[in-house]
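Working notes, beginning with the structure itself.
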Amino acid sequence: MFKSLVIPVYDVGDKMSDVRNVIIIGSGPAGYTAGLYAARAMLEPLMFAGYMSGGQLMLTSDIENFPGYPQGIGGPEMMMQLREQSERFGLEVQDRNVESVDLSQRPYKVSLEGEEYLTHSIIISTGAESIWLNAEGEAEQKGRGISTCATCDGAFFRDEEVLVIGGGDSACEEATFLTRFASKVTLVHRRDVFKASTIMYDRAANNEKIEIKTFRQIKKWLSDDNGLTGAVLEDPRDGSTEEISATGAFIAIGHKPITSFLGGQIETDEEGYIVHKKYTMTSVEGVFAAGDVVDTRYKQAITAAGMGCQAAMDAEKWLEEHVH
Ligand code: NDP
């Protein structure tokens with residue numbers, strides 16, 4: 001059974017009045033929902049939203065599966081509305097990146113740009129970042145044709161041929177989105193079974209601008225002085241290869257949780273996802289986590305928002321029992 005670590009509590013003297021109740025790190029749907037609930041609970045939460053606040057949904061065109069938006073809503077628009085809603089109740093948001101935290105004693109320290117903030121509790125909602133393939137030639141072509149964000153870079157490939165790599169919802173969604181610009185999109189997947197939901201897969205499969213190539217993986221990227229020209233595809237079953245031409249490529253093979261700033265002070269699983277110990281509490285008491293930084297299974301905006309609500313409620317209860 002989980003027993004939280006006993007963290008030494010220090011008297012910080014004059015600075016005690018500066019100690020925040022809760023600092024929220026990260027600003028996707030989990031962070032903003034945590035901020036909304038914590039603000040409404042009068043905890044005067046402070047959020048470090050990151051330089052690019054809003055998280056992955058800022059890179060998403062249309063969100064069709066968040067209840068309450070019958071016509072769908074743009075990702076950035078939803079994030080702006082979530083921010084506005086939580087700020088209305090008193091969430092303080094700073095668009096800065098946290099560099100490190102010190103969880104060895106309470107109150108905890110959150111450091112950024114030479115400044116240190118003290119806090120009784122923390123909610124981590126830093127989400128996840130795209131995984132790269134790291135195939136031969138990839139590093140040189142990043143930003144010169146190879147991208148992990150169709151919403152950001154798709155428009156550069158008007159009337160050109162592009163590749164999308166992956167077999168999940170992201171790959172199918174990006175492939176479909178890219179048909180707005182590209183003359184042809186080839187979806188390259190290493191198996192013939194797709195992780196994508198049926199609706200996303202069908203939408204891609206039924207789009208006449210999209211060709212799906214299964215049992216293919218990128219062996220090597222091809223390029224010339226102007227940037228990407230294509231790739232060598234390999235069949236993982238027998239090692240046979242073929243060349244394909246493309247001036248753009250979008251890697252959509254999943255995400256990894258953003259936890260490096262924690263310096264290993266919080267327990268994670270072998271893939272780096274933060275582990276919940278009791279409700280949304282992590283292995284360190286008073287430190288909670290919500291959203292994609294924890295979620296190995298659902299990874300939806302709505303589940304992240306739900307978990308953000310839970311984390312704020314858990315933090316409120318914990319503060320009541322341990323601090324106030
Ligand atoms: P997924 O983990 O679902 O899919 C990753 C895909 O990439 C898999 O098909 C996997 O292949 C493939 N892959 C992984 N590593 C490699 C590699 N080294 N080489 C080649 N292929 C590789 O990630 P997604 O980002 O697509 O989705 C993550 C989550 O976000 C999901 O829960 C999804 O439902 C959700 N999502 C929801 C959306 C929506 O509802 N609008 C939109 C986008 C994402 P294999 O199948 O062989 O493992």
Radius of gyration and Dmax over the Cα atoms of the stretch 132-251, both given in Å = 13.1, 40
request  = Determine ³J(HN,Hα), in whole Hz, for all residues of the stretch 244-255 in sequence, where each value follows from phi through the Karplus function 6.51 cos²θ - 1.76 cosθ + 1.60 and θ = phi - 60°; x replaces Gly and Pro.
outcome  = 9, 9, 6, 9, x, 9, 10, 8, 9, 10, x, 9
query = Going by how many other beta carbons lie within 10 Å of each one, how would you line up Ile218, Ile210, Ile7, fewest first?
reply = Ile7, Ile210, Ile218
task = Quickly rank 180-186, 305-311 as a protection proxy: mean count of other C-beta atoms within 10 Å, highest first.
result = 305-311, 180-186
ask   = In a shell of Cβ-Cβ distance under 11 Å around Ser240, excluding Ser240 itself, what net charge do Lys and Arg (+1) and Asp and Glu (-1) give?
value = -1
task = Could you point to the residue in Ile244, Ile165, Phe194 farthest towards the positive end of the stretch 132-251's charge dipole, with +1 and -1 charges on the Cβ of Lys/Arg and Asp/Glu respectively?
result = Phe194
message = Using Cβ counts within 10 Å as a stand-in for footprinting exposure, how do Tyr117, Tyr279 rank, fewest first?
response = Tyr279, Tyr117
ask   = Hey, how many Å between the Cα centroid of the stretch 149-178 and the Cα centroid of the stretch 260-298?
value = 31 Å
Protection proxy ranking of 194-202, 156-164 - average other beta-carbon atoms within 10 Å, highest first = 156-164, 194-202
ask   = In what order do Arg191, Arg216 fall by count of nearby beta-carbon atoms within 10 Å, going from fewest to most?
value = Arg191, Arg216
note = Here, Ser111 and Glu92, labelled 7 Å along Cα→Cβ, have an inter-label distance in nm of 2.1 nm
task = Find the lysine pairs in the stretch 146-293 meeting two conditions, Cα atoms under 19 Å apart and a separation of 8 or more places or different chains, and report how many there are.
result = 4
message = Can you list residues from other chains, or at least 5 along the same chain, whose modelled amide H is less than 5 Å from the amide H of Gly127?
response = Ile258, Asp292, Val293
inquiry  = Which trypsin sites (Lys or Arg not before Pro) in the stretch 1-92 sit in a loop by DSSP (not H, G, I, E or B) and have at most 13 other Cβ atoms within 10 Å of their own Cβ?
reply    = Lys3
key: Convex hull of Cα atoms in the chain, direction-averaged projection (nm²)   = 18.7 nm²
Contact order normalised by residue count of the stretch 132-251, Cα under 8 Å, 6+ apart, percent = 31 percent
remark   = Once Lys and Arg are counted +1 and Asp and Glu -1 for all other residues with Cβ under 11 Å from that of Gly54, the total becomes -1
Phi to ³J(HN,Hα) by Karplus 6.51 cos²θ - 1.76 cosθ + 1.60 over the stretch 307-324, Hz, x for Gly, Pro = 5, x, 4, 4, 4, 5, 5, 5, 5, 4, 5, 5, 4, 4, 7, 10, 10, 8
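Coordinate-derived values only; no laboratory data. Bear in mind that the values here come from a model prediction, so they are computed numbers and not experimental data. With ideal geometry, Cβ positions are generated from the backbone for all residues, glycine too; neighbour counts draw on all protein chains shown.
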